[in-house]
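The values are calculated or read from the model by the stated rules, or taken from the named source; none is laboratory data. None of the values given here were measured: they were computed from a predicted structure. Virtual Cβ from ideal backbone geometry, glycine too; neighbours counted across all protein chains shown. Just so you know, the surface numbers come from the protein's heavy atoms only, side chains and all, with ligands and any DNA or RNA stripped out. Shrake-Rupley method; radii C 1.70, N 1.55, O 1.52, S 1.80 Å.
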Amino acid sequence: MGLVVDPLETVRVAFIGVGSRGGGHVGRMLKVEGVEITAICDSHAPAAEGARARCVKAGHPEPRLYVGSDTVYREMLECDDIDVVLIATPWKWHTPQCIHAMDSGKHALVEVPAAVTVEECWQLVDTAERTQKNCMMLENVNYGRDELMVLNMCRQGLFGDLLHGEAAYIHDLRFQMKSVERGTGSWRTHQYIKRNGNLYPTHGLGPIAQYMNINRGDRFDYLSSVSSPALGRAAYAADKFPPNHKWNQVKKWNCGDMNTTMIKTALGRSIMVQWDETSPRPYDRLNLIQGTKGTFAGYPNRIVVEGRGSTHRWTQGAGLQPYYEEFDHPLWKRWGAEAKKVGGHGGMDALMLWRLIYCLRNGEPLDQDVYDAAAWSVIGPLSEKSVADRSNSVDV
């Protein structure tokens, strides 16, 4: 907790996985001061070559390439000119590659979720503690302007004592099923066949956890989870693919289209977490935090605060401007405009990378640590366990 390492004047970064998500990180990292990209690894050679070309075009030294197999990254990790490894690979590789990175003396930055089993969560924690290396899950949503502002509101006590939060990742991603041979859908679609629970909890949950000081004064205690029927994937496959396509040969899609998980914290607070990547429904992360003196909710943004207008009507739209002026987070004030220019989900990706590199260069602890990675990720497998046991509660 609060791990601080010696400041790094130049942060030497290597990448494992530079497809869609990892490739975007390469482009944004090239614009962060104090970064040198020394190596790039991807089992798909064209992706690695494309990332290398971007480095050269941006005027940076040409990084070494490691391609040809799923395990060639191990050769890269033997090099001593790497400080940090950024991992953006399919989920099954996240924990093994983090462990190999830390065991080789590198800090690990990993895409979400950091782990997909309870055992993997413990492996991350145990390895980080043993090696004293950072293991940060790249939960970019925590660096969105609205999430940072609400975090600042919570820290300033605007909502009083916090009582309840609502988080979600509701995002129609059925189109990914069309990526059959390569791309996210080629491996992620199989998750809906094998598992049943909340498979992707961290985008909505990460900000709520930080609002509530989870792992820094409160903690997740237990949860209960329920899933809807699993109908949408089969219907989409029947509509979009020929009868003999492999998605139409699936005997059973196990993962319910909507999962709702209720978490109770040690201090008695409640958190609702929802996940749905299948239904025809607009994008939503909920982002609701409720306290004794007020409530903020997202999608659309709206707020009620005791003593600042009626508590029977939401303040929203132009009425939110005074709140942005008063509570915009210092990180966003400092770098938000530049982050939006660099891009990545409205600037949150760029701000996340700038902030973590800043911390490494200045000997400060990262905003998210291995305990956050484990606690936020473990909601996935624990929700599966609860769903399979008639939604009975499961200790976190």
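General observations
- Residue in segment 4-17 that is open to solvent by 60 Å² or more (accessible area, probe 1.4 Å) and either part of a helix (DSSP H, G or I) or over 22 Å from residue 367 (Cβ atoms) (or both) present: no
- Breaking point among (1) in contact with an Asp or Glu (Cβ under 7 Å, 6 or more places away or on another chain); (2) surrounded by fewer than 21 Cβ atoms within 10 Å (Cβ to Cβ); (3) within 18 Å of residue 371 (Cβ to Cβ), for residue 138: (2)
- The lone exception for residue 39 - which of (1) more than 27 Å from residue 7 (Cβ to Cβ); (2) open to solvent by less than 20 Å² (accessible area, probe 1.4 Å); (3) of a type in the set (A, V, I, L, M); (4) not in a helix (DSSP H, G or I) it fails: (1)
- Any hit, segment 169-180, residues being open to solvent by 30 Å² or more (accessible area, probe 1.4 Å), of a type in the set (Ser, Thr, Tyr), touching a residue at least 40 places away in the same chain (Cβ under 8 Å) and under 30 Å from residue 145 (Cα atoms): no
- For first residues located in segment 1-18 and under 16 Å from residue 104 (Cα atoms), partners that are of a type in the set (Lys, Arg) and part of a strand (DSSP E or B) and lie 6+ apart or on another chain with Cβ distances below 9 Å form the pairs 14/64.
- Taking the criterion of being part of a loop (DSSP other than H, G, I, E, B) and either modelled with pLDDT under 95 or open to solvent by less than 20 Å² (accessible area, probe 1.4 Å) (or both), the only residue of segment 48-65 that qualifies is 63.
- Any hit, segment 39-54, residues being in contact (Cβ under 8 Å) with a residue 40 or more places away in the chain and in contact with a helix residue (DSSP H, G or I) (Cβ under 9 Å, 6 or more places away or on another chain): yes
- Selected residue [surrounded by fewer than 20 Cβ atoms within 10 Å (Cβ to Cβ) and in contact with an Asp or Glu (Cβ under 7 Å, 6 or more places away or on another chain)] from 363, 346: 363
- Only residues that are closer than 26 Å to residue 6 by Cα and either among the hydrophobic types (A, V, I, L, M, F, W, C) or in contact (Cβ under 8 Å) with a residue 60 or more places away in the chain (or both) were counted in segment 55-102, giving 16.
- Complete set of residues in segment 202-254 that are open to solvent by less than 10 Å² (accessible area, probe 1.4 Å) and in a loop (DSSP other than H, G, I, E, B): 212
This table checks each residue for (1) surrounded by 24 or more Cβ atoms within 10 Å (Cβ to Cβ); (2) touching a His at 6+ places or on another chain (Cβ under 9 Å).
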| residue | (1), (2) |
| --- | --- |
| 89 | yes, no |
| 94 | yes, no |
| 110 | yes, yes |
| 158 | no, no |
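- The sole residue among 278, 315 that is β-branched (Val, Ile, Thr) and either open to solvent by 80 Å² or more (accessible area, probe 1.4 Å) or more than 30 Å from residue 25 (Cβ to Cβ) (or both) is 315.
- Residue selected from segment 333-387 under the condition among the aromatic types (Phe, Trp, Tyr) and more than 19 Å from the chain's Cα centre (by Cα), by the criterion modelled with the lowest pLDDT: 335
- Scanning segment 112-126 for residues that are open to solvent by less than 10 Å² (accessible area, probe 1.4 Å) and either without any contact (Cβ under 8 Å) to a residue 40 or more places away in the chain or of a type in the set (Gly, Ala, Ser) (or both) returns 114, 115.
- Residue 81 vs. criteria acidic (Asp, Glu) and within 27 Å of residue 199 (Cβ to Cβ): no
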